[in-house]
1. Could you run the Karplus curve 6.51 cos²θ - 1.76 cosθ + 1.60 with θ = phi - 60° over the stretch 102-119 and give me ³J(HN,Hα) per residue in whole Hz, x for Gly and Pro?
2. Taking 7 Å along the Cα-to-C-beta vector as the label spot, tell me the Asp40-Leu116 distance in nanometres, rounded to one decimal.
3. Residue by residue, what Karplus-based ³J(HN,Hα) values in Hz, rounded to whole numbers, does the stretch 126-143 have, using 6.51, -1.76 and 1.60 with θ = phi - 60° and x for Gly and Pro?
4. Between Lys15 and Tyr143, 0.36 nm times their residue separation minus their Cα-Cα distance comes to what?
5. I need to check one value: relative contact order of the chain, counting alpha carbon pairs closer than 8 Å and at least 6 residues apart, in percent.
6. Please order Tyr107, Tyr143, Tyr24 by the number of other Cβ within 10 Å, starting at the fewest.
7. Pop out the ³J(HN,Hα) list for the stretch 46-53 in order, Karplus 6.51 cos²θ - 1.76 cosθ + 1.60 with θ = phi - 60°, rounded to Hz; leave Gly and Pro as x.
8. Give, in nm to one decimal, the length gained when the segment between Asn5 and Glu47 is fully stretched (0.36 nm per residue of separation minus the Cα-Cα distance).
Amino acid sequence: MKGMNAREIIELMIKQENELYNLYKLGETFAVFEKPELRDVFALIAEEELRHRETLKKLLENPSLERAIVDYVDELSIHPMLSDERAEPESLEELVVAAVLRERHAYEMYNKLSGLLGGSLSQIFRMMAGEELKHAYRMKLIYEGL
């Protein structure tokens, strides 16, 4: 992780948001066959992950973000979100377990960024952290109900 610039970090975050989006779209498919009542939950969360991805893409155009994050690359390098591998769940249960882990990693990453950055950037990351935490909680409840 050492030596990464802000652009590379944000691009990895976009990739991870895309992975979460794909995971929830797969969750929709699993749900159709295993738990139809959960299909809409997965669809809603997938849309939120898509919005996070688009927000991050817009941030790539913001030069002040680049300067801000570069100063904190070392502090961020401990976060596992950027190195989560592609999940390949074979059941709804495996998918939910993978989602909880990834959501926790995303929450920690965005929460840390929220604390490191000021102003509107801090608010954006705080909002995204809060949504990831809600996603993790919903997945935990789903897991307990399986």
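What follows is calculated from the coordinates using simple rules that are stated; it is not laboratory data. Since the model is a prediction, treat every value here as computed from it, not as a measurement. Glycine gets a Cβ as well: all are built from the backbone with ideal geometry, and neighbour counts include every protein chain shown.
1. Working through the residues one at a time gives 5, 5, 5, 4, 5, 4, 4, 5, 5, 4, 5, 4, 4, x, 7, 9, x, x Hz.
2. Placing both labels 7 Å beyond Cα along the Cβ direction yields 3.9 nm.
3. Going residue by residue, I get 5, 5, 5, 4, x, 5, 5, 5, 4, 4, 4, 5, 5, 5, 4, 5, 4, 4 Hz, with x marking Gly and Pro.
4. Details: separation 128, 0.36 × 128 = 46.08 nm, distance 2.50 nm.
That works out to 43.6 nm of additional length.
5. Working: 152 pairs, mean separation 36.5, N = 146.
This gives 25 percent for the chain.
6. Working: Tyr107 21, Tyr143 15, Tyr24 24.
Going from least to most buried by this count: Tyr143, Tyr107, Tyr24.
7. Those phi angles translate into 4, 5, 5, 5, 4, 5, 4, 4 Hz.
8. Working: separation 42, 0.36 × 42 = 15.12 nm, distance 2.81 nm.
Full-extension gain reported as 12.3 nm.
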